[in-house]
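The structure appears below as structure tokens.
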Amino acid sequence: MVENSNSWSDRLWRAFSSMKLGLALLGIIAFVAAIGTLIPQLEQEPEKAKAVGQLWQTMGFTHLYSTVWFSLLLGLLCINLIVCSVQRVNGIYKRTFKLKPPSKLEQIPQKNRMVVQGTFAPLQESVQKVLKQQGYHFVLSDQSNLWSFIAIKRRLGNWGSLITHLSFVVLVLGALLGSILGFKGYFMQGAGSTLPIQSIQLSKGTVSETFSVRINSAEDRLLPNGERDNWYTNMSILENGQEVASDTLSVNHPFVYKGITFYQANFSNGAHFTAAMKGQKIPVILREQGQNYFQAPGTDLYLIATTIMGSSTSGQAGASYQIYKGTGEQPVQSGQLTSGQTIDVQGTYQLTFDGTNGFTGLQVKKDPGVTVIWLGCALLLGGLLLAFYWQPQVISGTLQSEDGIQGNLTVGALSGKVSGNTRKALEQFVSAVTK
Amino acid sequence: MLENLEVTMFYCLVMASTLGMLLYWIWIGSKHEFVGRLATYVTIIALLANTSAIILRMIISGHAPLSNGYEFILTFIWGIMAVYLFAEVRYKLRSLGAFVMPIPFLLLMFIIMSMGPQERIAQAIPPALKSQWLTFHVVTAMLAYGAFATSFGIGIMYLMKWSREQKAEKFQSQGIVSRFPALDILDELSYKVVKFAFPLLTLCIITGAIWADYAWGTYWSWDPKETWSLITWIIYAGYLHARSMYGWRGKRAAWMAVFGFVAVLFTFFGVNYLLPGLHSYAQ
Ligand code: HEM
């Protein structure tokens, strides 16, 4: 690194290699993120967010985490982390794989040092044997009157913080990939219906795929004790009208097709009726609580379903219905139907309740960045474990002899972050050598 | 039957942990070895009662203890007492009890004062919460938060001892802080505890993300609870860096450990009770 150069790019490089900037950025990101939890966000509370002052909305405070300037902060942190890592990688490499044995006594760490006296040749042998036994990688040097070594154990620990830092960059890249190439949407459909994937409601991105989704069944299953087991949807994927895949999904058990994931998110009861009128049979599907209605052709009679009970809850399926006339506020007719029952509606048509028909609400998502995110998570965790629980131990030593027979072995250990462990490692080594 | 036993265990926990706290206080003032030992034993009893209460609750409800605030707080307290007792035994640091045990005490008082019986009983959990990842999520949170509470206690001890030592030149006696370990030992311990907790907090956030991705297809949605756990994470990352790079040890590190835990508490309570959010099932 050219330290004294003052060219523009060098100065920029130096600014970005500073940890002060990095910590400042982290602090700013934390602060801004906190602000976002105090101001209503469009993603979570659209109504409240729209009530926030116009200036704040324009500046992006109501969709803070997707603003350009928030991304910019993350981007700067990534650059910072990359520059720091690039700067440190060579040093780490040397400290890990290119250790140099000491060439004089003074190079042995002073703080943790021990001296052993004995016979030269056996000591030399014993040192090598013990280093191997205790799992050290070592390098030897044999100069005229100085035999020396340097050894390292758990050397991958040196890479821990570097891996941790780069994992953060990986995470941000994963998120970026997802937001560029992915989409997110939602649809609610009744069992038996088919829907082109292009026609779902999107909240993010665009859909380039062209297949259709057919909902074969949608079910709200309860446990014997009355608690909800789960919502189940059986669906098929149709490419040009041909079924190419099919599966049952439920909450926490999504279904994936060509990188697009379907999540069970919602459920609503519905029912299947037949309206018989002037010799014609019209199929009718209604969702409960009047979420949709049926207007008999040529009349001003409106039919809605209020509650629908599946056969699993109470033995037999049942539906309560109401008929409204024109703009009247009170129903002109209402009642309950059991499966297969037929009634007359205002002398105009015959209504048969055929059975229940579940409506399933599915979240649809394509996020090609997710694998990268999980990779980043694994690196983050692995890096942390290496940095904290796999700390390298370096010991070095020299063996000198005055007369070629007696030897003076001086060993020292480079202290890591936990000094107690260093001392212990040194003592272990020495006691094994002298045994 | 089991329900009654569970409630009994809860009150055993309340009594034992309150008594434990008082005994640690008496011990630190009186220096009776017997009182100190009693404090430890009573706290162990509190932990056992807590364990039984949680296990009984899991048997009754048939799922991990995460259906409501009551269950969350019980696991939080378990984490605090377990990590604390480990630290006490491992590092012979009984005086820490006087500073950590008030936290479970206050949490239990919070349950007693603010949650009626209806809020405490086992509830059915929505399908979205039926996931093994969530169990990992809760276990890691419990241990990480317990450890952060412990480092908070150590931080308070450090700050007390430090300010006493500043004044000690004027007044001869040091009072109770003379029973505390030396400042640099406290500092090192706090660091060790944070080092234990940080990867766990990381794992907690990751398992939460994995679960959220399974449940509704978004690994990160910036809801307030997630955001605050990230902020907590950044504070502790700051602690680790400031320490190794700028030698921010001692007083500054102690303050950061205290602030970090305030962020933990905010993630836990502030988000549920002061801010709205997706994690609303926890309300
Ligand atoms: C994204 C959040 C970050 C995380 C999770 C993180 C994590 C870590 C960890 C776990 C260590 C090892 C600490 C230890 O052994 O005590 C470390 C060290 C370090 N970090 Fe970070 N870091 C982050 C951001 C940064 C930033 C922004 C910078 C500056 C550009 C930075 C610079 C350093 C340096 C220089 C070290 C010392 C490495 C060593 O002692 O070998 N970190 N970091």
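Read-outs throughout are calculated quantities, based only on the coordinates presented, and are distinct from any laboratory measurement. Because the structure is predicted, anything quoted here is derived from the model rather than measured. Every residue, glycine among them, receives a Cβ derived from its backbone with ideal geometry; neighbour counts consider all protein chains shown.
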For this session: List, in the order given, every pair from A:K204/B:K225; B:K31/B:K167; A:K424/B:K195; A:K132/B:K192 whose Cα-Cα distance in the structure shown is over 27 Å.
Result: A:K132/B:K192
Exercise. For the stretch A:211-227, what does the Karplus curve 6.51 cos²θ - 1.76 cosθ + 1.60, with θ = phi - 60°, yield as ³J(HN,Hα) per residue in whole Hz, taken in order and with x for Gly and Pro?
Worked result: 6, 10, 10, 10, 8, 7, 7, 9, 9, 10, 9, 10, 7, x, 7, x, 6
Problem set entry | Burial ordering of A:L386, B:L74, fewest other beta-carbon atoms within 10 Å first | A:L386, B:L74
Problem set entry | Alpha-carbon centroids, the stretch A:162-186 and the stretch A:220-279: separation in whole Å | 31 Å
Exercise. Within a Cβ distance under 11 Å of B:A87, other residues only, what is the Lys/Arg minus Asp/Glu net charge?
Worked result: +3
Problem set entry | Distance from the stretch B:72-90 to the stretch A:280-307 (C-alpha centre basis), Å | 59 Å
Exercise. What are the extents of the Cα atoms of the stretch A:52-120 along their three principal axes, listed from largest to smallest and rounded to whole Å?
Worked result: 84, 22, 15
For this session: Collect residues whose amide H, placed 1.01 Å from N in the peptide plane, falls under 5 Å from the amide H of A:G369; neighbours closer than 5 in sequence don't count.
Result: A:G178
Exercise. How far is it, in nm, from the label point at A:Y186 to the one at A:A121 when both lie 7 Å from their Cα along the line to the Cβ?
Worked result: 8.4 nm
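I'd like the GluC sites (Glu not before Pro) in the stretch A:1-108 restricted to DSSP loop residues with at most 15 other Cβ atoms within 10 Å, sorted by number.
Details: sites: A:E3, A:E43, A:E47, A:E106; in loops: A:E3, A:E43.
Here the sparse-neighbourhood loop sites are A:E3.
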Exercise. Working out 0.36 nm times the residue gap between B:A124 and B:T51, then minus their Cα-Cα distance, what length gain in nm do you get to one decimal?
Worked result: 24.2 nm
Exercise. What's the extension gain from A:V52 to A:T434 if we count 0.36 nm per residue and subtract their Cα-Cα distance?
Worked result: 130.0 nm
Exercise. Cα centroids of the stretch B:237-254 and the stretch B:1-45: how far apart, whole angstrom?
Worked result: 34 Å
For this session: Sticking with the crude label model, points 7 Å out along Cα→Cβ, report the distance from B:I60 to A:S9 in nm, one decimal please.
Result: 6.9 nm
For this session: Would you kindly state how much longer the chain becomes between A:S193 and A:V332 on full extension, computed as 0.36 nm times their sequence separation minus their alpha carbon distance, in nm to one decimal?
Result: 47.0 nm
Exercise. Can you tell which of A:N292, A:N421, A:N225 shows the greatest fluctuation in a Gaussian network model of chain A with Cα springs below 10 Å?
Worked result: A:N225
Problem set entry | Three-way shape label, chain B, alpha-carbon gyration tensor, a/c 1.5 | oblate
Problem set entry | Acute angle (nearest 10 degrees) that the helix B:224-246 long axis makes with the longest principal axis of chain B, alpha-carbon atoms | 30 degrees
Problem set entry | Residue-averaged [θ]222 nm for chain B, counting only DSSP H segments that reach four residues, each worth -39500 (n - 2.57) | -26000 deg cm²/dmol
Problem set entry | With Cα atoms, 0 to 90° folded angle of helix A:120-133 axis to chain A main axis | 0 degrees
For this session: Using a cut-off of 11 Å between beta-carbons, work out the net charge of the residues near A:T348 (Lys and Arg +1, Asp and Glu -1, A:T348 not included).
Result: 0
Exercise. What are the residues whose amide H is under 5 Å from the amide H of A:D229, where those residues sit 5 or more places off or on another chain and H is modelled from the backbone?
Worked result: A:R221, A:L222, A:L223
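Can you check what the net charge comes to around B:V271, using other residues whose Cβ is under 12 Å from the Cβ of B:V271 (Lys, Arg +1; Asp, Glu -1)?
Taking every other residue near B:V271 into account, the sum is -1.
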For this session: Just flag the trypsin sites (Lys or Arg not before Pro) in the stretch A:274-363 sitting in loop per DSSP whose Cβ has no more than 14 other Cβ atoms within 10 Å.
Result: A:K278
Seminar exercise, completed: Too long for a 27 Å Cα-Cα cut-off, among A:K281/A:K325; A:K153/B:K161; A:K98/A:K435, are A:K153/B:K161; A:K98/A:K435
Problem set entry | chain B: angle of helix B:2-30 to the longest principal axis, Cα-based, in degrees nearest 10 | 10 degrees
Problem set entry | Sum of -39500 (n - 2.57) over DSSP H runs of 4+, divided by residues of chain A (222 nm, nearest 500) | -11000 deg cm²/dmol
